[in-house]
Amino acid sequence: MTSADPAWQLFEQRFGALRRARRTESTLIFVIVLLVFVVSAVWTDFSPVKIAEGVPRIGEYFEKLFSIQPSQSAPSEAILAWPHLFGGIRQPQSIAYWFYRFNVYAALLWQTVQMAILASVLGYCAAFVLAFPAARTLTGNRVVVFVSRRLLEFMRTIPQVVLAFILVWPFGIGPLAGVLAIAIHTTGSLGKLFSELSENADLRPVEGVRAAGGSWLAQMRYGVVPQMLPGFLSYGLLRFEINVRSSTIIGFVGAGGIGQELKRVIGFNIYEEVSAICILILLIVVAIDLLSERVRHRLIGGLV
Amino acid sequence: MSGAVAHLLPRPALGRRALHWFLGVGALAYLVYLLWLFDFDRIFTGLPKLWVIIRLMLDWGRFTEWDHAELLRSMVETVAMAYLGTLLATLIALPLGFLGARNIVPNAVFRFLTRRIFDGCRGLDQFIWALVFVRAVGLGPIAGILAIMVAETGVLAKLFAEAIDNIDLKQVDGIRSTGASRVAELRYGVLPQILPVLISQALYSIESNSREATILGLVGAGGIGLRLSERIQINAWDQVAYVIVLILITVASIDTLSRWLRLRLIGGPSQRG
């Protein structure tokens with residue numbers, strides 16, 4: 001095979017053309033991405049000058065989060081130091097001094113988790129009920145399918161925090177508004193997942209139940225639910241993880257949980273408490289993630 | 001119909017059934033306790049007020065007097081924040097993903113530390129990052145962009161690291177056997193394999209972040225959220241409803257656009273064999 005071979009030349013020609021086309025396409029995409037980037041940066045005032053100005057302040061702020069100021073004039077020092085680490089609550093630079101309001105945080109964290117539990121259960125039940133009319137294969141009536149689908153879509157598209165903010169007006173400041181907001185959002189997103197699961201269900205058991213004279217309800221209960229149970233449970237737990245995360249922030253608009261406290265300490269610039277709360281939130285979120293992952297694997301393993 | 005066949009099934013042992021009952025009743029009691037704890041009776045006093053708010057929301061009689069220019073500008077700002085944040089996060093997450101992958105960095109301790117950094121960025125919600133960044137760099141969209149960037153870097157870096165973990169090493173070996181450098185190995189052996197994951201994830205992130213960015217403004221990090229919170233605080237419910245509709249339309253159109261782009265760029269699952 002030499003370069004004079006016509007087949008070779010044809011190959012080279014075609015390969016070259018393909019390569020050029022690919023290269024043009026890549027360049028075009030790159031240019032568009034860059035152009036949108038520049039337009040967005042101009043629009044949001046995201047200029048290099050501003051960034052350069054802001055970056056040292058970010059470092060400064062994060063440094064303050066992990067330091068204490070013993071008195072007004074004294075220079076700040078590290079929040080923890082080895083020699084004092086296990087000193088009492090009155091000893092600066094000890095863990096106990098940093099987390100001196102641990103009992104308050106713990107109570108609020110527990111409230112946060114309970115909000116997530118209640119909201120998940122309420123949303124789960126509502127989603128479970130709404131998923132059947134929203135599944136095309138299970139409901140004959142097109143209007144019912146359409147209406148329940150739009151309802152679910154509406155529920156999950158409104159941002160949770162906005163919903164909580166609105167619900168705080170009629171239901172008062174406190175966890176109730178947060179629970180309702182998270183529950184509504186959970187209904188929307190789980191309802192969609194559940195209805196998709198139900199559409200993938202094998203219809204033969206349903207026909208079997210119908211043949212035996214079962215009502216629509218009995219068809220769903222004995223034909224569909226047993227097939228969907230592992231999926232329902234695993235999605236439900238996954239949603240619980242997400243809800244724990246959301247309930248930590250829902251307090252910013254006055255809807256209960258640790259977020260309310262975090263907003264307060266950030267507003268008052270009580271730096272060491274900000275870092276303490278953030279670390280606790282991080283810990284609880286990671287702990288719940290790990291726990292629910294374990295339970296999920298167990299449930300799926302046991303049921304399939 | 002359950003009664004007809006139930007007696008044919010083997011019954012579980014009595015102890016087991018008692019345990020199940022006990023657990024069921026316990027869970028139910030706990031739920032009732034939670035309902036009591038969170039003042040669920042307030043729902044009934046709140047519902048009439050909610051109805052008033054909904055009625056006010058639906059009255060768009062003064063549509064022409066609203067500040068449309070400001071709202072639309074903020075809406076575009078929100079999308080721009082999401083785009084910038086996600087793009088920067090993708091650029092940062094790609095090298096981090098390489099550092100967190102098992103087959104690129106064999107050192108387990110280093111990899112463990114890198115992955116914990118991803119978890120740290122991911123564990124705190126974007127909203128909390130926004131709050132911190134508003135304090136650090138001041139009010140405005142820059143705080144929002146940085147918040148999206150940090151939180152999304154954690155998410156994307158983890159996904160990229162997993163994608164790189166799962167690549168086919170034969171292609172890398174092939175490149176290496178031609179005597180290519182380490183960088184060329186990554187560029188021609190690894191990158192083409194993870195590019196579809198990368199693009200589809202980045203697009204998906206832009207979608208979800210433009211959803212998230214709508215609320216960042218509630219803490220002063222720019223975008224439509226600020227306008228929304230102003231209007232909620234002065235109880236201008238008609239405009240609140242309008243802003244929500246704007247958000248819904250924007251999110252829906254970004255979803256559609258990104259779905260189209262995804263299909264266009266990576267094709268269906270079967271096209272790239």
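Tabulated data for the structure shown
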{"item": "Residue list for segment A:17-43, filter: within 12 Å of another protein chain (Cβ to nearest Cβ) and β-branched (Val, Ile, Thr)", "result": "A:29, A:32, A:33, A:36, A:38, A:39, A:42"}
{"item": "Any hit, segment A:226-241, residues being at the interface with chain B (Cβ under 10 Å from one of its Cβ atoms) and either over 15 Å from residue A:115 (Cα atoms) or buried (at least 18 other Cβ atoms within 10 Å of the Cβ) (or both)", "result": "no"}
{"item": "Residue satisfying all of: in segment A:247-270; surrounded by fewer than 21 Cβ atoms within 10 Å (Cβ to Cβ) and not in a loop (DSSP other than H, G, I, E, B); nearest to the other protein chains (Cβ to nearest Cβ) among these", "result": "A:263"}
{"item": "Unique match (being part of a helix (DSSP H, G or I) and closer than 29 Å to residue B:166 by Cβ) among B:228, B:191", "result": "B:191"}
{"item": "Residue list for segment A:127-163, filter: away from chain B (no Cβ under 14 Å) and either among the small types (Gly, Ala, Ser) or in contact (Cβ under 8 Å) with a residue 60 or more places away in the chain (or both)", "result": "A:127, A:128, A:130, A:131, A:132, A:134, A:135, A:136, A:137, A:138, A:140, A:148"}
{"item": "Whichever residue in segment A:271-298 is acidic (Asp, Glu) and without any contact (Cβ under 8 Å) to a residue 60 or more places away in the chain and, among such residues, is farthest from the other protein chains (Cβ to nearest Cβ)", "result": "A:293"}
{"item": "Count of residues meeting criterion [among the charged types (D, E, K, R) and in a loop (DSSP other than H, G, I, E, B)] in segment B:103-131", "result": "1"}
{"item": "Among the candidates B:174, B:179, B:140, residue that is on the phi > 0 side of the Ramachandran plot, more than 14 Å from every other protein chain (Cβ to nearest Cβ) and modelled with pLDDT of 85 or more", "result": "B:179"}
{"item": "Breaking point among (1) farther than 19 Å from residue B:248 by Cβ; (2) more than 8 Å from chain A (Cβ to nearest Cβ); (3) buried (at least 23 other Cβ atoms within 10 Å of the Cβ); (4) among the aliphatic types (A, V, I, L, M), for residue B:84", "result": "(2)"}
{"item": "Cβ pairs under 6 Å, 6+ apart, first in segment B:220-242 and within 11 Å of another protein chain (Cβ to nearest Cβ) and free of Cβ contacts under 8 Å to residues at least 40 places away in the same chain, second of a type outside the set (Asp, Glu) and part of a helix (DSSP H, G or I)", "result": "B:228/B:243; B:229/B:218; B:231/B:239; B:231/B:240; B:232/A:165; B:232/B:240"}
{"item": "Yes/no for residue B:130 being closer than 21 Å to residue B:218 by Cβ, crowded, with 22+ Cβ neighbours inside 10 Å, in contact with a Leu (Cβ under 7 Å, 6 or more places away or on another chain) and within 14 Å of another protein chain (Cβ to nearest Cβ)", "result": "yes"}
{"item": "Hits in segment B:154-187 (condition: over 24 Å from residue B:262 (Cβ atoms) and either surrounded by 13 or more Cβ atoms within 10 Å (Cβ to Cβ) or in contact with a Ser or Thr (Cβ under 6 Å, 6 or more places away or on another chain) (or both))", "result": "B:172, B:174, B:175, B:176, B:180, B:184, B:185, B:186"}
{"item": "Boolean, residue B:255 is within 25 Å of residue A:164 (Cβ to Cβ), out of contact with any strand residue (DSSP E or B) (no Cβ under 9 Å at 6 or more places or on another chain), surrounded by fewer than 21 Cβ atoms within 10 Å (Cβ to Cβ) and in contact (Cβ under 8 Å) with a residue 40 or more places away in the chain", "result": "yes"}
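The values are calculated or read from the model by the stated rules, or taken from the named source; none is laboratory data. As the structure is a computational prediction, the values presented were derived from the model and not from experiment. Heads up, the Cβs are rebuilt from the backbone with ideal geometry, glycines too, and the neighbour counts pull from every protein chain shown.
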